[in-house]
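Notes follow the structure.
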Amino acid sequence: MERSRIAVAGASGLIGSALVRSLAADGHEVVRLVRGAPSGPDEVRWDPGRQYVDTAGLAGCDVVVNLAGAGVGDRRWTPEYKRLLRDSRVLGTAALAEAAASLPRPPRVFLNGSAIGFYGDTGDRVADEDTPPGDGFLARLCVEWEEAAAPVTEAGVRTVFLRTGLVVARGGGAWGRLFPLFRAGLGGRLGDGRQYWSYIALHDEVAAIRHLIDGESLSGPFNLTAPHPLRNSEITAAMGRVLHRPTVFAVPAAVLRTALGEMAGDVLGSQRVVPKRLLESGFRFAFPGIDEAIRAAE
């Protein structure tokens, strides 16, 4: 990819910060969207809750990547927090999509965050990008999240939806909470451990996003998950194997439901999601297996 001007919303998050580092290292001009007053020419003010974007700051951007949104696992899902989860994604996406579409020269591609929560609980069934949305709060949220990008799609901008799985990384997300527990010898399966987890190494997540930026013919939804999802019990065993720790503890489903409330349904739910379109586009994973993904995060 030639040197480009790339705007990133959610640049301080786990995926966003890794993406910004990767792009900057290759000489791209990265513009970060920030909620406070910009501290330099590489920052643009926005307020997703109020649907405000300093549109002038996006001028000249070839690419817009929207990864913003409150953390799904950061707090118990009270009605207030569920509203924040929705508004931080849907309102922010709508504002950014409208701002990008209104530019005299819109970006050539708009990449919007999403998640494999789109498919709901798939049980043992394999889900790819042709699978319809599932049921539940996260599935409905993902549908709204993607629909909010309609202004750029209607403006003729190539639009990509990043349906990301569980990112294997030390620095944040669900896996960032797992590493300390397993290192302390307190890790174990969740519930009966039979539920499928669709994971992706942080390195591959960033590489896939960059692959989709470069792919001029690539648009629509892409599952960002490793090729072979595994059951929670298999991932538990891999964590113990790689970290050389016992995995004798197990968290009963009833305890998770008491501790997490509605969110427990997604922790215990099964998502057997595969990256069909990503593989068909020619992408190759650097860390497709769970052991190597865990080692890459160490």
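The values are calculated or read from the model by the stated rules, or taken from the named source; none is laboratory data. Quick caveat, the model's predicted, so the values are computed rather than measured. Don't worry about glycine lacking a Cβ; one is built from the backbone with ideal geometry, like all the others, and counts go over all protein chains shown. Quick note on the areas: whole protein, heavy atoms, side chains included, nothing else; ligands and nucleic acids left out. Shrake-Rupley method; radii C 1.70, N 1.55, O 1.52, S 1.80 Å.
Below are the figures for this structure:
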| quantity | calculated |
| --- | --- |
| Within a Gaussian network of the chain (alpha carbon springs, distance under 10 Å), most fluctuating of 243, 67, 138 | 243 |
| Net charge over other residues, Cβ less than 14 angstrom from the Cβ of residue 2 (K, R count +1; D, E count -1) | -1 |
| Tensor-based shape of the range 76-164 (alpha-carbon gyration tensor, a/c under 1.5 rounded, otherwise prolate or oblate) | oblate |
| Magnitude of the charge dipole, the range 1-95, Cβ model with Lys/Arg +1 and Asp/Glu -1, debye to 20 | 500 |
| Antiparallel %, DSSP beta bridges [both residues in the chain], to 5 | 10 |
| 1.4 Å probe accessible area per residue over the chain, in Å² | 44 |
| Stretchable slack from residue 26 to residue 257, in nm (0.36 nm times residue separation minus alpha-carbon distance) | 78.7 nm |
| Cα lying deepest toward the dipole's positive end in the chain, options 112, 174, 48, charges on Cβ | 174 |
| Other-chain or far-sequence residues with amide H under 5 Å of residue 8's (modelled H) | 31, 32, 33, 65 |
| Residues of the range 87-109 with amide N under 20 Å of the 7 Å Cα→Cβ point at residue 56 | 96-107 |
| Amide H partners (placed H, <5 Å) of residue 168, local residues excluded | 200, 201, 202 |
| Length added when fully stretched, residue 108-residue 186, from 0.36 nm per residue minus Cα-Cα | 23.3 nm |
| Max mean-square fluctuation residue, GNM over the chain, Cα-Cα springs under 10 Å, options 252, 107, 151 | 252 |
| Percent carbon-and-sulfur accessible area, the chain, ignoring ligands, DNA and RNA, probe 1.4 Å | 52 |
| Relative contact order, percent, the chain [alpha-carbon distance under 8 Å, six or more residues apart] | 18 |
| The range 176-298: mean projected area of Cα convex hull, nm² | 7.9 |
